[in-house]
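Asker: Shown below is the structure under consideration.
The values are calculated or read from the model by the stated rules, or taken from the named source; none is laboratory data. Since we're looking at a predicted model, the values are computed, not measured. In this analysis, Cβ positions are derived from the backbone assuming ideal geometry, glycine residues included, and neighbour counts consider all displayed protein chains. Remember, those area values only see protein heavy atoms, side chains included, never the ligands or the DNA or RNA. Shrake-Rupley method; radii C 1.70, N 1.55, O 1.52, S 1.80 Å.
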Amino acid sequence: MSAPLQAIRGMNDLLPQEAAIWRSFSARVEAWLERWGYRYMRMPLVEQTALFRRAIGEATDIVEKEMYSWRDELNGEDLTLRPEGTASCVRAAIEHSLLHDGPKRLWYGGAMYRHERPQKGRYREFFQYGAEALGYPGPDVDAELIVMCVRLWRELGLEDVRLELSTIGSPEERARYRADLVKHLEANVERLDADAKRRLHSNPLRVLDSKNPMVREVVAAAPELASYLGAQSRAHFDGLKELLAVAGIEYAINPRLVRGLDYYNLTVFEFVSERLGAQGTICGGGRYDGLFAQLGGKPAPAVGFALGCERVVALLREAGRVPAVPAPDAYLVHQGEGTLVSAFVLADALRTAGFAVIQHAGGGSFKSQMKKADASGAALALILGEDELRAGEVAVKPLRDARSQFRVARAALAEQLGALLKG
Ligand code: HAM
């Protein structure tokens, strides 16, 4: 016999016992997105590789080493499994002229793929919910998105989620800053590690979030982007901070906040929890006013975020916020000559009437069927034996309260079941 195959490393099965928490989480997040005025859209999992190279940036970790890319020989196209959703969302907005009648608030959710080293909270297939406000110059919408997230954490009962906020100015301001940063890093090159040296010229801003203590010392003495900001960038940031203050939102300004994607300008932010270990960032986002033009569209300002579902679900679990597993209304037990067909018809009629009914399958003694009924979590066991069959009835045994078993006419059950369930 050949060895059983296993799932790809870093890609997880969602087992039924885990599904309840995910589904309740998804339902709440989706309702919250809609409540804040964001509308659902879906983009394909696969896009042209060029989309992500152009949007995320050639010198980012994602594009350099984390994309699942291949050449589709049949069409001669270079394709990639999406590592994030913003690029696709903007591509779709341009392709379908979504902004022709004004700005749009959109949301999406689904699997993303990054070939990272798997560890707790970091996977190769992971799920995100993303919200993108397209066509709004802000900073009111920047504030809206941030406040929206803070309200979600509270609604979900998550504590100790901290907001880190920064502004990275305009591309011109950043270019001037970058030149001075490179000078500073070059002057201290002997204290940089191999990673920082490699990034020094390709993506020097990423040196700012190095974890190496020696590199951090060099970074601590580096010039700060804040002092390179012009009046417009500062006004945008002040406008955002004012609205956050009005909403009572606490945050820490982190001048070294570096997002892993190159499309950002002005506002950037992350929500971080200390309870998750190294992979504590549960949500990240910012403004990307240049992306529409970069992808060949008419220029349009935009801002958004994405939250990492695995990490938020891990926090929910840690906080004990696990919903009850949904149980059926009734479990239908049947035994004896001719009962299977009647049970089949009865279960069908009850489900059509809107009840959640499991019909026992796979045979077994009456006792073992009743055990399964109990284990299913159903409120009622419905019992169809030869006696009940002959009498045109069904026996009803309440499984979760002290009521004793009684009989009901089979033809009347669909009408009466609602009342019987209420007890
Ligand atoms: P990101 O920071 O790359 O941003 O990802 C957003 C969130 O996805 C992270 O904060 C994290 O919770 C989760 N995440 C990222 N990588 C992994 C992984 N390998 N395993 C598990 N979770 C992960 C974006 O993707 C941007 N598109 C966000 C955005 C939307 N910016 C503007 N609009």
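Asker: Within segment 399-417, work out how many residues are part of a helix (DSSP H, G or I), over 28 Å from A324 (Cβ atoms) and without any contact (Cβ under 8 Å) to a residue 24 or more places away in the chain.
Answerer: Going through segment 399-417, the residues part of a helix (DSSP H, G or I) turn out to be 410-417.
After this cut, where a residue has to be over 28 Å from A324 (Cβ atoms) as well, the list is 410-412.
Checking which are without any contact (Cβ under 8 Å) to a residue 24 or more places away in the chain leaves us with 411-412.
Here the count works out to 2.
Asker: Do you know which of the residues in segment 168-187 that are in contact with a Leu (Cβ under 8 Å, 6 or more places away or on another chain) and within 15 Å of R206 (Cα to Cα) is surrounded by the fewest Cβ atoms within 10 Å (Cβ to Cβ)? Can you show your working first?
Answerer: Our first condition is that a residue be in contact with a Leu (Cβ under 8 Å, 6 or more places away or on another chain); within segment 168-187, this holds for 168-170, 173-174, 177-178, 181-182, 185-186.
From what's left, within 15 Å of R206 (Cα to Cα): 168, 174, 177-178, 181-182, 185-186.
Working: I168: 25, R174: 19, Y177: 22, R178: 16, L181: 22, V182: 15, L185: 23, E186: 12.
Result: E186.
Asker: Condition (residue is more than 24 Å from E217 (Cα to Cα), part of a loop (DSSP other than H, G, I, E, B) and away from the ligand (no atom under 15 Å from the Cβ)) applied to segment 118-127: is it met by at least one residue?
Answerer: First, pick out the residues of segment 118-127 that are more than 24 Å from E217 (Cα to Cα): 118-127.
Now narrow it down to the ones that are part of a loop (DSSP other than H, G, I, E, B): 118, 120-121, 123-124.
Filter once more, keeping what is away from the ligand (no atom under 15 Å from the Cβ): none.
No: zero hits.
Asker: Yes or no: segment 59-68 includes at least one residue that is away from the ligand (no atom under 16 Å from the Cβ), within 30 Å of L200 (Cβ to Cβ) and either within 25 Å of the chain's Cα centre (by Cα) or open to solvent by 60 Å² or more (accessible area, probe 1.4 Å) (or both). Full working, then the answer.
Answerer: Within segment 59-68, the subset away from the ligand (no atom under 16 Å from the Cβ) is none.
Taking every residue of segment 59-68 in turn, none turns out to be away from the ligand (no atom under 16 Å from the Cβ), within 30 Å of L200 (Cβ to Cβ) and either within 25 Å of the chain's Cα centre (by Cα) or open to solvent by 60 Å² or more (accessible area, probe 1.4 Å) (or both).
Asker: Can you tell me which residues in segment 235-293 are over 23 Å from L158 (Cβ atoms) and among the acidic types (D, E)?
Answerer: D238, E242, D262, D289
Asker: Looking at segment 81-108, which of the residues that are of a type in the set (S, T, Y) and out of contact with any Asp or Glu (no Cβ under 6 Å at 6 or more places or on another chain) is nearest to the ligand (Cβ to nearest atom)? Even if it seems obvious, please write down each step before you answer.
Answerer: Step one: list which residues in segment 81-108 are of a type in the set (S, T, Y), which gives 86, 88, 97, 108.
With out of contact with any Asp or Glu (no Cβ under 6 Å at 6 or more places or on another chain) added as a condition, the list becomes 86, 97, 108.
Details: T86: 4, S97: 20, Y108: 10 Å.
Looking at residues that are of a type in the set (S, T, Y) and out of contact with any Asp or Glu (no Cβ under 6 Å at 6 or more places or on another chain), I get T86.
Asker: Sticking with this structure for a sec: Counting residues that are in contact (Cβ under 8 Å) with a residue 40 or more places away in the chain, away from the ligand (no atom under 16 Å from the Cβ) and under 29 Å from K65 (Cα atoms), which strands (runs of 3 or more DSSP E) fully inside segment 230-309 reach at least 2?
Answerer: Working: elements: 265-273, 281-287, 302-308.
Here the list is empty.
Asker: Being of a type in the set (K, R), under 22 Å from E64 (Cα atoms) and assigned to a helix (DSSP H, G or I) is the filter here, so list the residues in segment 200-229 that pass it.
Answerer: Taking segment 200-229 and keeping what is of a type in the set (K, R), we get 206, 211, 216.
Going one step further and asking which of them are under 22 Å from E64 (Cα atoms), we end up with 206, 211.
Across segment 200-229, the qualifying residue is only R206.
Asker: Quick one: is E95 surrounded by fewer than 21 Cβ atoms within 10 Å (Cβ to Cβ) and more than 24 Å from A293 (Cα to Cα)?
Answerer: Spelling it out, it is not the case that E95 is surrounded by fewer than 21 Cβ atoms within 10 Å (Cβ to Cβ) and more than 24 Å from A293 (Cα to Cα).
Asker: Something else: Out of E164, E155, E159, report the one residue that is in the same structural domain as G110 (by TED's automatic domain parsing), of a type outside the set (K, R) and within 13 Å of the ligand (Cβ to nearest atom).
Answerer: On the way: E155 fails: within 13 Å of the ligand (Cβ to nearest atom); E159 fails: within 13 Å of the ligand (Cβ to nearest atom).
Step by step, each of E164, E155, E159 is checked, and only E164 is in the same structural domain as G110 (by TED's automatic domain parsing), of a type outside the set (K, R) and within 13 Å of the ligand (Cβ to nearest atom).
Asker: Which of the residues spanning segment 30-60 are assigned to a loop (DSSP other than H, G, I, E, B) and either of a type outside the set (A, V, I, L, M) or without any contact (Cβ under 8 Å) to a residue 60 or more places away in the chain (or both)?
Answerer: Narrowing segment 30-60 to residues assigned to a loop (DSSP other than H, G, I, E, B): 36-38, 41-45, 57-60.
The answer is W36, G37, Y38, R42, P44, G57, E58, T60.
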